[in-house]
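Have a look at the structure below, then the notes.
Computed from the coordinates by the stated procedures, all read-outs in this text should not be read as laboratory data. A quick note: this is a predicted structure, and the numbers were derived from the prediction, not measured. Note that each Cβ is placed from the backbone with ideal geometry, even for glycine, and that neighbours are counted across all protein chains shown.
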Amino acid sequence: MLLPTTTLLLLTLAGVPVQAAPQAATPALPIALERRLAERLGARVGDTLAVGREAGAPEGRAVVTAIYEPAADPSVITRRDLHARFHLPDFTALLGAPDRVDRFGVGLAPGVPPDSAARELNRIAFGFQASPSAEIASESSQTFRVVSRFHDAIAIISVVASAIFLLCIMLLKVEERRRDAAVMRFTGIRRRTIFAALLLEAVLVAALGSAMGVGLALVAGAATNAYYQRFFDTTLIFSAVTPGILRFSVLLSLGLGLGAGALAAWRLVRTRPLVLWGRE
């Protein structure tokens, strides 16, 4: 079992090139380094490092047996922690604290409720406290929930404002067609036909705007991920444009365009032809 730790300092952490540790009677411990830590140390698989609880005080040797990419975790992305993993017995022996851990995970058999298992463990607990993983994840993600609600509020305000702006644009666009509508009315074209033509034009405008919006969202999302993944040196996805989001956005855009176009066209076809022509 390998556990991450940030309490154990590697003596080459300050950027000194990795050198082979002096040979000693004690065997070298296997160690796995996080990719970022390995790059900072210049270490590769097979290198031997001097390790200890304090910088400048080597207490043993460790051989790099693996270099791994940590799982993307937004809760620790800003802390810039670097991790090294040891086998648990080796790590506790190096720290001089056997049979002591900060946390560990317990796997449950299929069908066992995590809440019930946690309550039973806490009932007989001594020196530890059991919590379901979902509860721990919920507590650690409170900040992201607040940010998510803030984004939801911004999105609602943006949609309402854009809907009002779209309605104004459609009304102005239809007002420019007053004389065209008057001529069509004078030539005997029915109101229903005029209404359908104006509505079709509004739908086409909304579809074009939706396509441009989808393209802009994809480009902005790719740029955001490229910048912040490079800045934090992580594989975490910062901007995800999912098919569900695109589907909802396109349907909302078409719906708003259809509604604004229908309202503007209905207002135009209800007006008498002479008024449209400007004779009354």
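For residue 232, project a label point 7 Å along Cα to C-beta. Then give me every residue of region 71-101 with its amide nitrogen under 13 Å of that point. From region 71-101, the list is 71-81. Rounded to 0.05, the FRET efficiency of the residue 65 and residue 203 pair, given R0 = 51 Å and the Cβ-Cβ distance, is 0.25. How far, in degrees from 0 to 90, does helix 142-175 lean away from the longest principal axis of the Cα atoms of the chain, to the nearest 10? Roughly 20 degrees between the two axes. Can you tell me which of 110, 74, 27 moves the most in a GNM of the chain? Springs connect C-alpha atoms under 10 Å apart. Its mean-square fluctuation being the largest, the pick is 110.
Compare the Cα positions of 151, 216, 259 along the charge dipole of region 140-277 (+1 at Cβ of Lys, Arg; -1 at Cβ of Asp, Glu; about the Cα centre) and return the one farthest towards the positive end. Value: 259.
Based on Cβ point charges of +1 for Lys and Arg and -1 for Asp and Glu, what charge dipole magnitude is obtained for region 140-277 about its Cα centre, in debye rounded to the nearest 20? Please list the in-between numbers first.
Numbers: 15 positive and 6 negative charges, 159 e Å.
The dipole magnitude comes to about 760 debye.
Mind ranking 164-170, 252-258 by how tightly packed they are, going by the mean number of other C-beta atoms within 10 angstrom, highest first? Before the final figure, lay out the partial values.
Details: 164-170: 16.0, 252-258: 18.0.
My ranking of the peptides, most packed first, is 252-258, 164-170.
A Förster distance of 41 Å, applied to the separation of the beta-carbon atoms of residue 214 and residue 79, puts the FRET efficiency at 0.70. Between the residues 207, 93, 188, the greatest Cα displacement towards the positive end of the dipole of the chain, with unit charges on the Cβ of Lys, Arg, Asp and Glu, is found for 188. Which FRET efficiency value, to the nearest 0.05, is calculated for residue 196 and residue 248 with the Förster distance at 25 angstrom and r the Cβ-Cβ distance? Between residue 196 and residue 248 the formula returns 0.40. Pick from 128, 86, 195: which residue has the top mean-square fluctuation in a GNM of the chain where Cα pairs under 10 Å get a spring? Ranking 128, 86, 195 by mean-square fluctuation puts 128 first.
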